[in-house]
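Take a look at the structure set out below.
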Amino acid sequence: MPRGKDTKVWNEDLVTALSSREELSRQQFSQRQYLWRDGATAIALIRKDIYQYKSSGKIVGLPRNLTKSVEDECRAIIEGTSPILPVGYVPTTLEERKMVVLGGSSASDVTKINPYHKDPYLNKIKMRGGSYSILIAFHFSQTKTMTKSQLCTAAQNFCDEEMEPNFYSGRSYGAWSSKKTLVKHGLIKESRSMQMGRMGHMCNGVFEYTLTENGVLFNQALLKKFPQTTSSSSSSIVSHTPKASIKTHQIKLCIEPCSINPTTKIFETKSEGKNDINKCLGSKYKSKNEKKSIIEDWLSSSEIENDSDDDSFELSFKHLNKPNYIRDKKVTVSKEQLPPKIKIPDVIDLMDSSDDESESDPVLAEIYHPRKTCSTTDREVLRLLISRENNPENHQSIIETEKLPSTTPKLVIIIDNRERNRNATPRHMRMELTRHLSKTTGPIRQVWPSHLPIGEVEETQLNYGDFAFAMKGKQLGTTRRLPVSIERKRLSDLVQRSHQADHWKQLQRMRDCCEHAILLIEGNTKKVSNFSSYDNIESEVESESWNPDHHTIDDEHAFYRFVARGILSSASLKILQTKDEQASYRSIGATGLVASLLPWEKDAPKTVPYTKVTVNKLYNKLKTRGIPWQIARRISEELGSIEQLDRIYEHCDGRARTAVLVPIIKESCSGMIETADSRSLLQYGQVETWSAAIYSAWYTKLYDPSQVVGMYEEYKFFANDRAQLLTALHRGKTTERAVQESNIKDEISLREINNFPRRVRIESCSDFLTIFPSEIETETFYRTVCVEENPLGMILPTIVMQTTYCSFQSDKLVVCVLEGSDIFQRIQDAATSQSAHDFIEISRTVAEQINLECSSFLLSPKNDRKVLLIRGLGPAMNAAAKGFTYRAEYKILTDLIIAELMLRHKLVVVHAYRLANDLEMILREFAMGCFYYQLTNRKIR
């Protein structure tokens, strides 16, 4: 029997429950801590869901290797007879605080004069960095002592970087390394506890970290520097529509019985207000902090417009999920208490961020007036905040909401069920993406538009890519697969499997079925040389020269050559570079959000044939038409499918089709052996004639192309150039005429090849002459053309690369260079000039501005490739995060801008560190990629 849609999944709650019991047992010197630890590990290892059927009460999904005590405790937790967190356990995270009933705060009084307000270390702390997240985790915790695992779990919600290190992802140090600086400054204290061993003896336990008194004072100074920390962590963050106001208004509200006149203003006493709140919220919410959080989650803000002259009006809301006795609660507010410009009537969107709700739906608001009552629909968001001037409980009121059915499709991020960060935690990636999307502290949730339902995360087996995006309709239940797919590769995995070209085959599959095939590379490119490739065949002849046909990545130079190879191979391939797992989650969520807002002409296919099948089809088609199997294999491995070769020929000028495949087969022809006497294919023909033979075989004039194979094998020993023989046979010539043509040398073509060798034409301004000098004595593979201003009339510093060969030339590769500090300044300017909450409009505006500076009427949008090279974006964001004007949304805004540039404007974004030799190294490798992989598909006029 399938699981119901509203059935609760208990995996994460059970891990939390057993981990809390482990910590409590450790503090009590009990050996049962190992029992709970093994149980939590066993549950974290499984991928399937643990849930309970509502009808029969049967619990399914529990692992079979649990001990009897752990299994009984898990069943008791699911059935509700045992609490998730045991009695006596002190919660350490915001999620754990929501699971238990807590009393008032017990923080000690501190002196009014804080010596840390002017501390130099305070100015160095960046927002959502390692030190910041550790201190904020202590601030929101009910205890001053935590272990490393507890502290990393609690601090991850406030950190944009991964807390723990991971060697396999190329990250030797995580954000947790900042604790050394905190210990050095005396803000936290590190100590090692004693615990009961498995054999009943006392032994050294785990390291514990305690917030000192100086740390409490430093936290207060830190919260004063970043005041948005408390508001963004305790209540939901709403992304407004373009007309939303950036100002925050405070309004006094009260609960009023339905029989009272709407124009009468009533303020309740403290006891009456508290009892009414308890009655409305029920027994589930007994904590004072939870009551405030629930009330604030029901309210949202916007500008208000009232053209009436009356002093007050009434707002009434209903919520279908609340009990009947709290419905029809009405709120009376005076006109003076409202900010100007509330429009009457209005239908507003409220963000309900409680645990049971994960999406924003339209809410009907009826505005009662003494002389008129009406209701309409509008997309503006109204937030009515509670004023707490004297006592937080004096003037609290509850606005109940009534959800209307929404027809807006919901974004679904699909993860391949074989993709994971660690084998020990197969559900970690899905839960982290869900936290980024739905939790109030999630970065993606902070920029999510209010008119869109909050996205979901699902796991299923994907035929191509690791992440996919779909739009799910609510009413019809239809799912539409968007033509955007992401293949995630850790830098270590990319390097170690590069010799077998596994990554290239995966990109080929995505390219053939997606309009945007994105390769997400996770890790620091400076550490590429720390890893080595698997299956490095020892029998191959070792040579100091580099073979462009191979896909092996062994250093940073080879990595950027691979990037250039992918960019030049297809216009649908894009690159995403991230620092760690948390940055990858933000980029995936931002890409999905932008993709859900774009119009797509067609959907992506759900199933495609395996790469091996498409490669074999291309190989067999070439081989059955007489092409030597060595060349057929090389072309099939490089292009991957019949459709790709068709696209190349259709994209070419008619006169350039015969030589377009020269760069693909040039380097490998010298090593291709056709006969047993070890003579290479170059001794039976030129590379140019073999390329022309492939074109003639592809568009053969014969009714049965397979009959050429027999004639070719019979007469090839009489031909000096076997490629010309094959070309003549496919053109319908007789065998005698074909042999005659194969023995005639084309002196004009040979002279043209010798006089006009393959080179890369580089056009740039004088700023890049140090990288590509124009006056050089030695012969190089490029030719520099210096212009006074930026080429093609570009605004940004630009380099144009174009390969020439004989009388043919390729499309342009345009590389625009942009500094990371410039992007951050554009974001800041857009955020101050527009609505502070309209993040989608901000990202769209900045992306359009950058695209205009990278555009020219001399470029062909379909043929030419545009690359935006961003230098030093990470250091620029880290430096800005130390200032008090920095906002936590700036990093996710940067991800949205990059997604807009990729999907809407079809730019390829490449990141580079802002070092002295980085720009020179990247541009040189891009020029090398043009020399070896760029196809000359145009005739030079």
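The values are calculated or read from the model by the stated rules, or taken from the named source; none is laboratory data. For clarity, every value in this text was computed on a predicted model and none was experimentally measured. As a convention, Cβ positions derive from the backbone with ideal geometry for all residues, glycine included, and neighbour counts pool all protein chains shown. In case anyone asks, the SASA skips ligands and DNA or RNA and just uses the protein heavy atoms, side chains included. Shrake-Rupley method; radii C 1.70, N 1.55, O 1.52, S 1.80 Å.
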Area of Ile744 that stays accessible when all protein chains are in place (1.4 Å probe, Å², to 10): 110
With only alpha-carbon atoms counted, please give the Rg and Dmax of the stretch 757-940, in Å. 18.0, 59
Determine, at each q value in 0.10 (inverse angstroms), the log₁₀ of I(q)/I(0) that the Debye formula gives when each Cα of the stretch 556-656 is one equal point scatterer. -0.46
When every protein chain stays in place and a 1.4 Å probe is rolled, Arg844, Arg418 sorted by accessible area with the largest first are Arg418, Arg844
Quick check on the stretch 757-940: of the DSSP beta bridges with both residues there, what percent are antiparallel, nearest 5%? 45
Can you give the alpha-carbon Rg of the stretch 120-225 over 2.2 N^0.38 Å, where N counts its residues? 1.14
Amide H contacts of His185 (H built 1.01 Å from N, under 5 Å, at least 5 apart or other chain): none
Quick one: with all protein chains in place, what share of the accessible area of the stretch 767-866 is carbon or sulfur, to the nearest percent (1.4 Å probe)? 50
With every atom except the alpha carbons ignored, what do you get for Rg and Dmax of the stretch 1-46, in angstroms? 13.4, 44
So Lys189 and Tyr699, fully extended at 0.36 nm per residue minus their Cα-Cα distance, gain in nm 176.0 nm
Phe167-Leu915 FRET efficiency (beta carbon distance; Förster radius 22 Å; 0.05 resolution): 0.35
Magnitude of the Cβ-charge dipole (Lys and Arg +1, Asp and Glu -1) of the stretch 120-225 about the Cα centre, nearest 20 debye, reported as 220
Net charge dipole size for the stretch 10-111 [Lys, Arg +1 and Asp, Glu -1 on Cβ; Debye, nearest 20]: 360
From phi via Karplus (6.51, -1.76, 1.60), per-residue ³J(HN,Hα) for the stretch 842-857 in Hz, x at Gly/Pro: 5, 5, 5, 5, 5, 5, 5, 5, 5, 5, 5, 6, 9, 10, 7, 6
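Between Asp555 and Lys882, what FRET efficiency comes out of the Förster formula 1/(1 + (r/R0)^6) with R0 = 56 Å and r the beta carbon distance, rounded to 0.05?
It comes out at approximately 0.95.
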When the Cα atoms of the stretch 10-111 are enclosed in a convex hull and the volume is divided per residue, what value in Å³ results? 127
How much accessible surface does Ser178 have with a 1.4 Å probe, in Å² rounded to 10? 30
FRET efficiency, 1/(1 + (r/R0)^6) with R0 25 Å, evaluated for Glu779 and Asn743 via beta carbons: 0.15
Within the set of other residues whose C-beta is less than 10 Å from the C-beta of Val594, count the net charge using Lys and Arg as +1 and Asp and Glu as -1. 0
What span do the alpha-carbon atoms of the stretch 859-901 cover on each of the three principal axes, reported in whole Å from largest to smallest? 45, 18, 11
Non-local residues with an amide H under 5 Å from the amide H of Val909, with H modelled 1.01 Å from N and Pro and chain starts lacking one, are Ile575, Leu868
Computed over the stretch 10-111: relative contact order in percent, which uses C-alpha pairs under 8 Å that are six or more apart: 27
Counting only the backbone N, which residues of the stretch 159-188 are under 16 Å from the spot 7 Å out from the Cα of Leu45 toward its beta-carbon? none
At 7 Å along Cα-to-Cβ for each site, give me the label-to-label distance between Ser532 and Arg3 in nm. 4.4
Listed by chain and number, the residues whose amide H is under 5 Å from that of Phe808, excluding neighbours fewer than 5 places away on the same chain and using placed H, are Ile940
The stretch 158-193 scanned against label point 7 Å out from Glu213 along Cα→C-beta; backbone N under 16 Å for 186-189
